[in-house]
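The values are calculated or read from the model by the stated rules, or taken from the named source; none is laboratory data. Every value quoted in this text rests on a predicted model; they were computed, and no experiment measured them. Because the Cβ atoms are built from the backbone with ideal geometry, glycine has one as well, and the counts that use them run over all protein chains shown. Ligands, DNA and RNA are excluded from the accessible area calculation, which covers all protein heavy atoms including side chains. Shrake-Rupley method; radii C 1.70, N 1.55, O 1.52, S 1.80 Å.
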Amino acid sequence: MKLLKDSKRALLKPHLLSVEDLSIPEVDILLNKANFYADANKQKGKIEKTLKRSTVITLFFETSTRTKTSFELAAKRLGANSIGINASASAIKKGETLIDTAMTLNAMHADVLIVRHPDSGAVKLLSEKVNCAVINAGDGTHEHPTQALLDALTIKRNKKNIKNLNIAICGDVLHSRVARSNILLLSKLGARLRVIAPPTLIPKNIENLGIEVFTDMKKGLVDCDIVMMLRLQMERMKGLYVPSTKEYFKFYGLDHEKLKKAKKDALIMHPGPMNRGIEIDSSLADNLDRSLIHQQVEMGVAVRMACLEMLTLGIDK
Amino acid sequence: MKEAYINAKILDPHKNKEFIGDIIIEKDKIIDVGPNIHKKEKPKNYTNIHDCKNLFICPGLLDMRVSFGEPISEHKAAFAGGITAVVCLPNTDPVVDNVSVAEYIQRKAREVSNLNLYTYGSITKNFDGENLCEMGLLSKAGVKGFTDATKSIENSAVLKRALEYSKAFDSLVIQFPEDKNLANDGVMNEGEISTRLGLAGIPSIAEVIIIERDLRLVEATGAKYHVSCVSTAESVEAIKNAKKKGIKVTCDTSPQYFTLNEMAVEDYRTFAKVSPPLRSEKDRVAIVNGLKDGTIDAIQSDHMPQDEDNKRLPFNNAEKGIVGLETLLPLSLELYHNKSLSLLDVIKKLTKNPADILNLDHGTLSKGSKADLLIFDPNKPFIVNVKKFKSKSKNSPFDKKPSQGKVIKTICSGEVSYPA
């Protein structure tokens, strides 16, 4: 990657690996641009192909429908050539190390590499070995920065201002990279964060991130503006965390009764894919007055367009 | 012919003395120690007279926990670190769980160098945690104690039997304390940093829970028991209380547990991935205090070479361990420089104390003992450079660390082994 001399870059760092890497002005730039694309996407208007002649590679070591499609669509809308690599069918299965994979892809001169990996920190490791911009599309239980950005945009479009909102993140916080990225980003933007989960699913010392912790959902939801539900990640649960999904839904699933504790106009979010009847009542998820779930998906494409554009801005393609 | 090392600041941990004097060695033995004794004979009777002005001489270091594997090639690194004796973990392939492997390792070591190399045997066959090894036969074959290396004996009945049985041969049982169910798939200390990094944590309680159970069994059996790699405040507390109560227990730690804390793994630095994991700052301070008040008897390097390919991986998949032989002395000397311990006390924990625990004839400068000596300058500043390590592996989180204290000369069995 060659940086132009009079750099027009919008972001300080060459990669988007963690919300922690972003300053507040950088978040504003990304969200404003994403907001513009969200409107443009709706109007089916003509979008300037700012990524024309760029190559975007998605490299997913974990299965994904929504995020992968969202990134690929974003790249296409901006005119990039996008290629998806299915890591489960590639050389990685034949024993190639992550660093070797990185070097191989690097030799192909991509402009942006979008990576998801089951191990925390793996995307960062890969980013150290390549010359192109790397976007973390989720690494283990560490971070998923574009999800947090799209959640922030969704909230912004519905509540105007993120500052001083009470936002509850509920459920499997321990295994959730979405929770970590959202806690960091939304706190940065001035929201008051709390997590609600059974004690076995609360990461150690999470209160040190400047948030409140509740194990009683009814108490935790009081005065909330946004209720963000998390998927119970059964596939990451090595060992016992909750006795049964039935018990989990009873105490930590979002239903009409529990939602009454939150503010009257509280809105529901979920990063998907949902476990209906486990963490969220099916009818609530489908309630278009309260649920922002579909909007989140829509904002996902816009946010990823903004990230792609801003990361490649000022790069000599 | 005799060699005289004169005008040295002599640290004799055995006699608990520090004085300026001479050491005379002949062949592989120390034949005299004391102030001004080289004048007893005419200069021509010495092959060499080395004036050690401003340098310290102490017994060569005894590192009681290293992983060498096979082939045994780390002796150069040991000598460069001022170490003249090591005790290897039985985590070789195959495991040291029978006499032939134990004998093979000792014979092989003798062929390679004059480094005093001892080995532990495993407590259970192939570390299966169930079936006891032939402790008697292994002890006779020269094994210096029993440990399942990096695995805890989880089954209380097995440990009880091992402790009881070991008494027949006056053997030492060494526990690596980590409850594997509590540690689960953890890769670092559990706490705010693991939460931020999204890495599975090992709670500090996983260590003390094993120690506390073991101490009950030690009290009940009266066996010789040693805890290796103490890393938490709670463990120090538990062992301190046990010692107060009169329970026979000794323990050690490694420099990484009193010089680093969990912050060292920030940014997913796999070179700082060790077992037990680097703990919190509170724990680090407790380890220093444990060394100060004598709760922690010995310091070992927990030398564990790993090639770079095993470290340059995502944190979850990277191997644990660091190479410690060549940083053991300077890192331990930090305790002296920051005034936690006297120089003599630091040296004791690296020589006499482990020798006493293992009942080995090391860590002494008495007349007639083996001429295993370390000549060093505790104040000399330098920057750790892994590229200069004699060790084959370079997996150290201490690269580029400004340090103090250099090995000037290592003498093993009367021979100058470093610089070679």
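The requirement of being away from chain A (no Cβ under 14 Å), assigned to a helix (DSSP H, G or I) and buried (at least 22 other Cβ atoms within 10 Å of the Cβ) is satisfied by B:Ile239.
Residues that are in contact with a Gly (Cβ under 6 Å, 6 or more places away or on another chain) and within 14 Å of chain B (Cβ to nearest Cβ) within the range A:125-177 comprise A:Gly140, A:Thr141, A:His142, A:His144, A:Arg177, listed in sequence order.
Considering the range A:205-221 alone, what residues qualify as being within 14 Å of chain B (Cβ to nearest Cβ) and out of contact with any strand residue (DSSP E or B) (no Cβ under 6 Å at 6 or more places or on another chain)?
Here is the first cut: in the range A:205-221, the residues within 14 Å of chain B (Cβ to nearest Cβ) are A:205-211, A:213.
Those that are within 14 Å of chain B (Cβ to nearest Cβ) and out of contact with any strand residue (DSSP E or B) (no Cβ under 6 Å at 6 or more places or on another chain): A:Asn205, A:Ile206, A:Asn208, A:Leu209, A:Gly210.
Checking each residue in the range A:111-123 for being surrounded by 24 or more Cβ atoms within 10 Å (Cβ to Cβ) and either of a type in the set (A, V, I, L, M) or within 12 Å of another protein chain (Cβ to nearest Cβ) (or both) picks out A:Val112, A:Leu113, A:Ile114, A:Val115, A:His117, A:Asp119, A:Ser120, A:Gly121, A:Ala122, A:Val123.
Quick one: which of B:Lys151, B:Lys160 is open to solvent by 50 Å² or more (accessible area, probe 1.4 Å), part of a helix (DSSP H, G or I) and not aliphatic (A, V, I, L, M)?
B:Lys160
Here is the figure for the range B:359-372: residues that are buried (at least 20 other Cβ atoms within 10 Å of the Cβ), among the charged types (D, E, K, R) and over 18 Å from the mean Cα position of the chain (by Cα) total 1. Filtering the range B:306-354 to residues that are within 14 Å of chain A (Cβ to nearest Cβ) and of a type in the set (Phe, Trp, Tyr) leaves only B:Phe315. Where residues in the range B:373-402 are open to solvent by less than 10 Å² (accessible area, probe 1.4 Å) and not β-branched (Val, Ile, Thr), which of them is farthest from B:Val265 (Cα to Cα)? Taking the candidates together, the pick is B:Leu373. Within the range B:242-254, one or more residues are within 18 Å of B:Ser301 (Cα to Cα), touching a Gly at 6+ places or on another chain (Cβ under 7 Å) and open to solvent by less than 30 Å² (accessible area, probe 1.4 Å).
Being part of a loop (DSSP other than H, G, I, E, B) and either of a type in the set (S, T, N, Q) or surrounded by fewer than 15 Cβ atoms within 10 Å (Cβ to Cβ) (or both), is that true of even one residue in the range A:294-312?
no
Test A:Asn205 against the criterion of being surrounded by 13 or more Cβ atoms within 10 Å (Cβ to Cβ) and at positive phi, and give yes or no.
In short, yes.
All of (1) open to solvent by 70 Å² or more (accessible area, probe 1.4 Å); (2) under 30 Å from A:Lys160 (Cβ atoms); (3) within 17 Å of the chain's Cα centre (by Cα) hold for A:Lys46 with one exception: (3).
If only residues of the range B:209-235 that are under 21 Å from the mean Cα position of the chain (by Cα) and open to solvent by 10 Å² or more (accessible area, probe 1.4 Å) are counted, the one that is farthest from the other protein chains (Cβ to nearest Cβ) is B:Lys224. Tell me whether the range A:239-255 contains one or more residues that are farther than 21 Å from A:Ile202 by Cα, touching a residue at least 40 places away in the same chain (Cβ under 8 Å), assigned to a strand (DSSP E or B) and open to solvent by less than 30 Å² (accessible area, probe 1.4 Å). Looking through the range A:239-255, none of the residues is farther than 21 Å from A:Ile202 by Cα, touching a residue at least 40 places away in the same chain (Cβ under 8 Å), assigned to a strand (DSSP E or B) and open to solvent by less than 30 Å² (accessible area, probe 1.4 Å).
With the range B:8-98 as the region, which strands (runs of 3 or more DSSP E) entirely inside it contain at least 3 residues that are within 16 Å of the chain's Cα centre (by Cα)? Show your work before the answer.
Numbers: elements: B:17-26, B:29-34, B:46-51, B:56-59, B:61-66, B:83-88.
Strands (runs of 3 or more DSSP E) meeting the threshold: B:61-66, B:83-88.
All conditions in (1) among the hydroxyl-bearing types (Ser, Thr, Tyr); (2) more than 20 Å from the chain's Cα centre (by Cα); (3) open to solvent by 30 Å² or more (accessible area, probe 1.4 Å) hold for A:Ser54, with the sole exception of (3).
Could we say that B:Pro305 is open to solvent by 20 Å² or more (accessible area, probe 1.4 Å) and within 15 Å of the chain's Cα centre (by Cα) here? In short, yes. Does A:Leu59 count as out of contact with any strand residue (DSSP E or B) (no Cβ under 8 Å at 6 or more places or on another chain) and open to solvent by less than 30 Å² (accessible area, probe 1.4 Å)? No, not satisfied.
Going through the range B:168-202 one residue at a time, which ones are more than 14 Å from every other protein chain (Cβ to nearest Cβ) and open to solvent by 60 Å² or more (accessible area, probe 1.4 Å)?
B:Ala168, B:Phe169, B:Asp170
Taken over the range A:97-110, the criterion of being open to solvent by less than 30 Å² (accessible area, probe 1.4 Å) and facing another protein chain (nearest Cβ under 9 Å) is satisfied by A:Leu98, A:Ile99. Being within 21 Å of B:Ala298 (Cβ to Cβ), open to solvent by 60 Å² or more (accessible area, probe 1.4 Å) and in contact with a strand residue (DSSP E or B) (Cβ under 6 Å, 6 or more places away or on another chain) is the requirement here; does B:Glu18 meet it? Here the answer is yes, as B:Glu18 does meet what is asked.
Among the residues of the range A:222-236, write down those that are surrounded by 15 or more Cβ atoms within 10 Å (Cβ to Cβ) and either among the charged types (D, E, K, R) or within 11 Å of chain B (Cβ to nearest Cβ) (or both). Explain how you work it out, then say what you get.
Narrowing the range A:222-236 to residues surrounded by 15 or more Cβ atoms within 10 Å (Cβ to Cβ): A:224-233, A:236.
Answer for the range A:222-236, where residues must be surrounded by 15 or more Cβ atoms within 10 Å (Cβ to Cβ) and either among the charged types (D, E, K, R) or within 11 Å of chain B (Cβ to nearest Cβ) (or both): A:Asp225, A:Arg231, A:Arg236.
Applying the set (1) assigned to a helix (DSSP H, G or I); (2) within 14 Å of the chain's Cα centre (by Cα) to A:Thr101 leaves exactly one unmet item: (2).
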